[in-house]
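Below is one structure, written out as structure tokens; comments come after it.
The values are calculated or read from the model by the stated rules, or taken from the named source; none is laboratory data. These numbers come from a predicted model, not from an experiment. Please note: Cβ atoms are built from the backbone with ideal geometry, for glycine as well, and neighbour counts cover all protein chains shown.
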Amino acid sequence: MLSKEKTVKKVLFYALALACNIFLNRLAAALGLPLFLDSVGTILAAAIGGYVPGVLIGYLTNIINLTADPANAYYAVINALFAVLAAFLSDRAVFEKLWKTLLCIPLFALVGGAFSSVLTYLMYGFGIGEGISAGFARRLLESGKLSVFYAQLVSDVSIDLADKAVTLILVFLIIRLIPKEFATSLRLTGWRQKPLPEREQKKSLHATTRAMSLRGKVSLLTFIIMFSVAFVTILISFLLYRSFAETQYMHTGQSVARLAAEVIDGDRVADYLEQGEAAEGYPETKAELERVKATSPNIEYLYVYQLREDGCHVIFDLDSENVKASEPRSVVPFDEDFKAYVPQLMSGERVNPIITEGAYGWLLTSFEPIFDSSGNYVGYAAADLDMRDVELSGISFVTKVSSLFVGFFILVLSLCIWFADYGLVYPISSMTTAARKFAFDDEGTTERSVERLQELGIHTGDEIENLYEALAKTIAEAVGYIGEVREKGEQIAHMQNGLIYVLADMVESRDKNTGDHVRKTAAYVRMLLNRMKESGEYADLLTDEYIEDVGNSAPLHDVGKIVVSDTILNKPARLTDEEFEIMKKHTTAGEQIIGSAMALVKDSSYLQEAKNLATYHHEKWDGSGYPYGISGEEIPLSARIMAIADVFDALVSRRSYKEPFTVEQAMDVIREGAGKHFDPKLVRIFTEAKDEAKRIAEEHARILAERDRLETT
């Protein structure tokens, strides 16, 4: 399917998910159901598409629902949290089983109900808000068993339990109806390379690093930036709001105090103070003051005093919700917070509003002087506003702004992590994995490793793509160089082995009795090494490198014979004791020759084994051999192997002084030498390979016969 068609399908699906939220919410409201049903599409989109589409649809749902109720915008954060929770649970295959889905109902109800309860409680001045759960919350509050907060909490969680039960069951059924392959194609991805299998994706996102992962750094950086911006923005907004609210309160207080002062007839104040409620016009004036107080719900107290040396003489005082008014003509002592302003007030001066916190609460008091017709000061009209309303409205304001921001923050954070995953984490992790899996075992695996890297096809269009192209090019060139080096190395190895055989042939050609000895013994040695590896004997020593070194250096075991005279070397009869002593020196001579070569070539493991073979291949298991008379495992393993190969070849080969033994006869001799001449373990392995040893002997016999025939002709 074309990429454009996939995009259209995704857009249509997520548009339907958004429409599902709006339609079901409006339908529930139209039918009068005590359900929200505004998160079905959110949870569905998150379960199928991942974090980003889920959060985006959840956020957009509440923004669109502003048309029905502006307060919906403040609850966008809850829908965003539903999306995060749904995507998290979907990654763990929760929505694949009904019982798992049902177990998640309390979790969603707790997140939605508890969080919305706290928001409602804070936004509506620590009171019962409006909405589906408000009626139930008020009934719980009226029962007297729960406080406002817990009444709201219990109500919201209860409603949410029913809502999320219906929502999650609908989500489960829809997911079951969508073909799995189609649902997989709806997942929102942003691959800039060859898509990784799900297992590789999880491995990339949870890769072990020495410090914080790249994904973690992006998330942390985004969080710090968003939090810093939010903190500064909310703080500035709160301070501006608080300043504006206090200014409005002051203006309201001054306006009400001014209206109250205009109601009072200054020429009748003396009568009001003397006669109280019996004074002419008193009831009418008090009723007018009641109407003035009713003009603003923020007015806590409204009263008219005349200040004298002995205190505040009450002219009018109106009852408030919680405090009974003072009787007319009574005297109220000066409040400590007002004593500094008493001289100004007694002289009839205008005083700016005063904020105090005393016996009557945290109040903002506005004063307006009253004058008689002659312009003489006769009292003050005062209006008190409860400043706790400013604090509560400030908390409500901060809660609303914070809620809007947190919902937006979750959306931005999910987008940043999504971009980081597909633009940074997956490409870098893919390159790292390909580099770590790079193998130089042989030409085939090396080429496959290069292909694996090139198949990533990273095209992020930024520095990551540049890095990938440079890495792929560098590795491809390095592989080419390595191939050349390997080829040269193989050529050198072949040349080295050829030189070894040339040297061995030069030595052997002086001995007319040995025939093709060095090649046959080398073949027996390799056979025995391979059989030992199969059997598991001496497994700690038998590495591939060790087998190769011993096999390559085997032809040099008799290199010391170069110091032995031709007379002794080619004597057709048995050697005398003196001649045998001279012959025995070929072992130490070989040791010296190869030791000199080792001094010129550092770190040459094959020369070390060549030295062991040349020096010790005539040592015997029981210690009766030469040149040093060592025994058992003191004798290097390579020399113990060569001892069997050397003797076996001597037995089955024709010499000028003897006829060849049959393979069976030679094997009997080898068996008899177990524990005396030879390592018993090696004897067992060698004799079990009788057929292969026979094949090697016969093959070399044919080669030697053919060579003799050609030389004769």
>> Return the residues of segment 180-196 that are without any contact (Cβ under 8 Å) to a residue 24 or more places away in the chain and not assigned by TED's automatic domain parsing to the domain that holds GLY41; say none if nothing qualifies.
In response: PRO195
>> Against the conditions (1) in contact (Cβ under 8 Å) with a residue 40 or more places away in the chain; (2) more than 20 Å from LEU168 (Cα to Cα), where does THR42 fall short? Just the number, please.
In response: (2)
> Does any residue of segment 459-471 turn out to be in a helix (DSSP H, G or I), closer than 25 Å to ILE224 by Cα and either touching an Asp or Glu at 6+ places or on another chain (Cβ under 9 Å) or touching a residue at least 24 places away in the same chain (Cβ under 8 Å) (or both)?
Replying inline: yes
>> Just to be sure I understand the filter: pairs with C-beta atoms under 8 Å, separated by 6 or more residues or on different chains, first member in segment 390-416 and assigned to a helix (DSSP H, G or I), second member among the charged types (D, E, K, R). Which pairs pass?
In response: VAL390/ARG242; VAL390/GLU246; GLY394/ARG242
> Do you know which residues across segment 26-78 are in contact with a Leu (Cβ under 7 Å, 6 or more places away or on another chain), closer than 24 Å to SER185 by Cα and polar (S, T, N, Q)?
Replying inline: THR61
>> Just to verify a result, which residue in segment 300-323, among those that are surrounded by 16 or more Cβ atoms within 10 Å (Cβ to Cβ) and of a type in the set (A, V, I, L, M, F, W, C), is nearest to VAL390 (Cα to Cα)?
In response: LEU302
> If you go through segment 203-216 one residue at a time, how many are surrounded by 12 or more Cβ atoms within 10 Å (Cβ to Cβ) and out of contact with any helix residue (DSSP H, G or I) (no Cβ under 9 Å at 6 or more places or on another chain)?
Replying inline: 1
>> From the list ILE159, ILE175, exactly one residue is within 28 Å of the chain's Cα centre (by Cα), of a type outside the set (Lys, Arg) and more than 30 Å from SER429 (Cα to Cα). Which is it?
In response: ILE175
> Which of the following residues is more than 21 Å from TYR468 (Cα to Cα), touching a Cys at 6+ places or on another chain (Cβ under 9 Å) and loosely packed, with under 14 Cβ neighbours inside 10 Å: LEU235, LEU173, LEU221?
Replying inline: LEU221
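Residue-wise test of (1) touching a Ser or Thr at 6+ places or on another chain (Cβ under 8 Å); (2) of a type in the set (D, E, K, R).
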site: PHE371; (1), (2): no, no
site: SER374; (1), (2): no, no
site: TYR380; (1), (2): no, no
site: ASP384; (1), (2): yes, yes
site: ASP389; (1), (2): no, yes
site: THR399; (1), (2): no, no
site: LEU415; (1), (2): no, no
site: PHE419; (1), (2): no, no
> Within segment 324-340, can one find any residue that is more than 30 Å from SER402 (Cβ to Cβ) and buried (at least 19 other Cβ atoms within 10 Å of the Cβ)?
Replying inline: yes
> Within segment 327-349, how many residues turn out to be basic (Lys, Arg) and under 18 Å from VAL314 (Cβ atoms)?
Replying inline: 1
> If you check ARG519, ARG574, which single one turns out to be over 20 Å from GLU609 (Cβ atoms), of a type in the set (D, E, K, R) and assigned by TED's automatic domain parsing to the domain that holds ALA643?
Replying inline: ARG574
> Quick one: would you say TYR422 is modelled with pLDDT of 90 or more, surrounded by fewer than 19 Cβ atoms within 10 Å (Cβ to Cβ) and either touching a Phe, Trp or Tyr at 6+ places or on another chain (Cβ under 6 Å) or among the hydroxyl-bearing types (Ser, Thr, Tyr) (or both)?
Replying inline: yes
>> Any residue that is touching a helix residue (DSSP H, G or I) at 6+ places or on another chain (Cβ under 7 Å), surrounded by 15 or more Cβ atoms within 10 Å (Cβ to Cβ), farther than 30 Å from ASN352 by Cα and aromatic (Phe, Trp, Tyr) - is there at least one of those in segment 259-272?
In response: no
> When both residues are 6+ apart or on different chains and their Cβ atoms are under 9 Å apart, which pairs have a first residue that lies in segment 74-92 and is assigned by TED's automatic domain parsing to the domain that holds VAL52 and among the acidic types (Asp, Glu), and a second that is at pLDDT below 95 and not in a helix (DSSP H, G or I)?
Replying inline: ASP91/GLY50
>> Checking the condition surrounded by 19 or more Cβ atoms within 10 Å (Cβ to Cβ) and more than 21 Å from ARG176 (Cβ to Cβ), which residue from ASN62, ASN21 passes?
In response: ASN62
> surrounded by 19 or more Cβ atoms within 10 Å (Cβ to Cβ), out of contact with any strand residue (DSSP E or B) (no Cβ under 7 Å at 6 or more places or on another chain) and not polar (S, T, N, Q) - does that describe any residue in segment 377-387?
Replying inline: no
>> Please verify whether GLY50 is assigned by TED's automatic domain parsing to the domain that holds GLY113 and on the phi > 0 side of the Ramachandran plot, treating the condition exactly as stated.
In response: yes
> Given the residues LYS561, LYS658, LYS611, LYS584, which is the only one that is in contact with a Phe, Trp or Tyr (Cβ under 8 Å, 6 or more places away or on another chain) and either over 27 Å from PRO680 (Cα atoms) or of a type in the set (Lys, Arg) (or both)?
Replying inline: LYS584
> Just a yes or no: is a residue in segment 625-638 surrounded by 14 or more Cβ atoms within 10 Å (Cβ to Cβ) and of a type in the set (D, E, K, R)?
Replying inline: no
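Table: residues versus (1) modelled with pLDDT under 90; (2) hydrophobic (A, V, I, L, M, F, W, C); (3) surrounded by 18 or more Cβ atoms within 10 Å (Cβ to Cβ); (4) touching a helix residue (DSSP H, G or I) at 6+ places or on another chain (Cβ under 7 Å).
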position	(1), (2), (3), (4)
LYS6	yes, no, no, yes
ILE43	no, yes, yes, yes
TYR51	no, no, yes, yes
GLY58	no, no, yes, yes
> Would it be correct to say that GLN248 is outside any helix (DSSP H, G or I) and not hydrophobic (A, V, I, L, M, F, W, C)?
Replying inline: no
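Does segment 234-242 contain any residue that is closer than 27 Å to VAL52 by Cβ and assigned by TED's automatic domain parsing to the domain that holds VAL390?
Checked against the condition, which is being closer than 27 Å to VAL52 by Cβ and assigned by TED's automatic domain parsing to the domain that holds VAL390, segment 234-242 yields at least one hit.
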